[in-house]
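Taking it in order: structure first as structure tokens, then the write-up.
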Amino acid sequence: MEQAAWFGTPWPEFNHGLIYTDTVKYAPSASPQSLLDFYSLRYKESASKQGWLQRIRNGQIHVDGNVIVTSDSILRNGACLEYVRHPWREPEVPFRLQILFEDDHLVAVNKPSGLQVLPGGLFQQRTVLTQLQWRSDSSDKQATHGIAALHEKDLWKPSPVHRLGRGTSGVLLCAKSPAAKSQIAADLAAGTSASSRSRCEDDSEAERQITKTYRALASGIIPTDEVVVDQPIGKVRYAGVAGGLYMACAGGKPSRSRVTVLQRNLIDNQSLVEVQIFTGRPHQIRIHLAAIGHPLVGDPLYLAGGQPRPLSTTAISRNLEEDLDPADDGGYQRPSFALPGDTGYLLHAWHLSFIHPVTTERMNIVAPPPPQLCAPHE
């Protein structure tokens, strides 16, 4: 059926804030904790001890449904906690998405660089997921198929089946039903598992349920026309990233990419490349190109070797909630070094090939690359 080529709703000035919940669970030999110690020890990346004290005094912490402003209150085992984070202005990002393909089961969109896929960190509202849900809600309001049909649709909202980095543009596949999402997720997992076990360079696309091909602009001149990168990728502790940072790591998970050079720019000392990934590790292309000595042009984080920049060499100064003074919420200021979500590089999910989860047809979705990533004669 015919669909509009583009969709998107402008972002409101403020999001709705967030409520984080916890349940107090003590080990048998543990001593009870104060409210301040519970938060400041468990969530050091969110705020300093002084910051958590400020949040408590602001009345932002509820214990068993009651606002508690006494920081040394002792928490009972099983207590239900809520931290209420005030609404804030999220950073400016694009809101319009181009539809590349859509049927009753799937929608593929061309994600712009700068727009996050799922909520996280600063971006809780300004995400692809939110725009998909708003579009679905708008369609529900216009539906004329009766109350039962509307109720059935409300049980499921479109949802991305994989991720692209915030700075990455291109094809993003989203499911419109639980069955479609489950099947695509299984195909993605099967492909990653098979490629992790195989060291064979003849990875047959015909035998893979899903293949993902990217365009990227790498620094330096890559001398060979094709390079297969098998650098493992692991997670290492890193300041400012609560769960750790992914990087080239000998003890990491098996990871595999094929890099094909499309053009060498001797004047600017850059290589336009096409990258097919056989595993789906976070930041895989950024790390793999850096690992072979050719990090993405403009990448603020990864250096040659696949390691992050030393913490003292970057200078990025923004408040954690942008225009919201951290003093209003007790939050940290944004670290002065690069983080994984920072943009500036050119990476585009150009081509996605997959087996349709319902029709079983082989689908090929292409997102036109930006001019800087167009191959000669395209």
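The values are calculated or read from the model by the stated rules, or taken from the named source; none is laboratory data. All figures in this text were calculated on a predicted structure; none of them were measured in a lab. Using ideal geometry, Cβ is built from the backbone for each residue, glycine included, and neighbour counts are taken over all protein chains shown.
Rundown of residues vs (1) surrounded by fewer than 13 Cβ atoms within 10 Å (Cβ to Cβ); (2) outside any loop (DSSP other than H, G, I, E, B); (3) out of contact with any Ser or Thr (no Cβ under 8 Å at 6 or more places or on another chain); (4) not hydroxyl-bearing (Ser, Thr, Tyr), yes/no style:
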position: 12; (1), (2), (3), (4): yes, no, yes, yes
position: 15; (1), (2), (3), (4): no, no, yes, yes
position: 21; (1), (2), (3), (4): yes, yes, yes, no
position: 25; (1), (2), (3), (4): yes, no, yes, yes
position: 28; (1), (2), (3), (4): yes, no, yes, yes
position: 31; (1), (2), (3), (4): yes, no, yes, no
position: 36; (1), (2), (3), (4): no, yes, no, yes
position: 40; (1), (2), (3), (4): no, yes, no, no
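Restricting to segment 42-73, name every residue that is aromatic (Phe, Trp, Tyr) and surrounded by 16 or more Cβ atoms within 10 Å (Cβ to Cβ). Let's see the steps before the verdict.
Here is the first cut: in segment 42-73, the residues aromatic (Phe, Trp, Tyr) are 43, 52.
Correct list: 52 only.
Residues of segment 280-312 being assigned to a loop (DSSP other than H, G, I, E, B), in contact with a helix residue (DSSP H, G or I) (Cβ under 7 Å, 6 or more places away or on another chain) and surrounded by fewer than 20 Cβ atoms within 10 Å (Cβ to Cβ), which ones? It would help to see each step written out before you state the result.
Residues of segment 280-312 that are assigned to a loop (DSSP other than H, G, I, E, B), as a first pass: 280-283, 292-295, 297-301, 304-306, 309-312.
From what is left, the residues that are in contact with a helix residue (DSSP H, G or I) (Cβ under 7 Å, 6 or more places away or on another chain) are 280, 295, 299, 304-306.
The answer is 280, 304, 305.
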query: Within segment 71-107, how many residues are in a loop (DSSP other than H, G, I, E, B) and either out of contact with any Ser or Thr (no Cβ under 9 Å at 6 or more places or on another chain) or not β-branched (Val, Ile, Thr) (or both)?
result: 21
- request: List every residue pair whose Cβ atoms sit under 8 Å apart, with the two residues 6 or more apart in sequence or on different chains, where the first one lies in segment 55-77 and is closer than 19 Å to residue 25 by Cα and the second, anywhere, is polar (S, T, N, Q).
  value: 63/73; 71/34; 72/34; 73/34; 74/33; 74/34; 75/33; 75/34
- prompt: Restricting attention to segment 234-247, does a residue exist that is crowded, with 21+ Cβ neighbours inside 10 Å, out of contact with any Phe, Trp or Tyr (no Cβ under 7 Å at 6 or more places or on another chain) and over 30 Å from residue 48 (Cβ atoms)?
  reply: no
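How many of the residues in segment 101-117 are under 16 Å from residue 164 (Cα atoms) and over 17 Å from the mean Cα position of the chain (by Cα)?
Keep residues of segment 101-117 that are under 16 Å from residue 164 (Cα atoms), which gives 107-117.
With over 17 Å from the mean Cα position of the chain (by Cα) added as a condition, the list becomes 107.
Total meeting the criteria: 1.
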task: Could you list all residues from segment 260-289 that are touching an Asp or Glu at 6+ places or on another chain (Cβ under 7 Å) and of a type outside the set (Ser, Thr, Tyr)?
output: 261, 262, 278, 286
field: Hits in segment 56-70 (condition: β-branched (Val, Ile, Thr) and part of a strand (DSSP E or B))
entry: 61, 63, 67
- request: Enumerate the strands (runs of 3 or more DSSP E) found wholly within segment 167-250, keeping only those where 2 or more residues are at negative phi and at pLDDT below 95.
  value: 210-219, 233-238, 241-248
- prompt: If a residue has to be touching a Ser or Thr at 6+ places or on another chain (Cβ under 6 Å), surrounded by 20 or more Cβ atoms within 10 Å (Cβ to Cβ) and either at pLDDT below 95 or part of a loop (DSSP other than H, G, I, E, B) (or both) to count, how many in segment 108-130 make the cut?
  reply: 1
- line: Taking segment 278-313 and keeping only residues that are hydrophobic (A, V, I, L, M, F, W, C) and farther than 13 Å from residue 232 by Cα, one is left with 296, 297, 301, 303, 304, 311
field: Condition broken by residue 274, with the remaining ones in (1) within 28 Å of residue 187 (Cα to Cα); (2) part of a loop (DSSP other than H, G, I, E, B); (3) of a type in the set (Asp, Glu) satisfied
entry: (2)
task: Kindly provide the set of residues from segment 254-280 that are closer than 11 Å to residue 215 by Cα and over 23 Å from the mean Cα position of the chain (by Cα), ordered by number.
output: 260, 261, 262, 271, 272
query: Among the residues of segment 3-22, is there at least one that is more than 30 Å from residue 136 (Cα to Cα) and either among the hydrophobic types (A, V, I, L, M, F, W, C) or not assigned by TED's automatic domain parsing to the domain that holds residue 108 (or both)?
result: yes
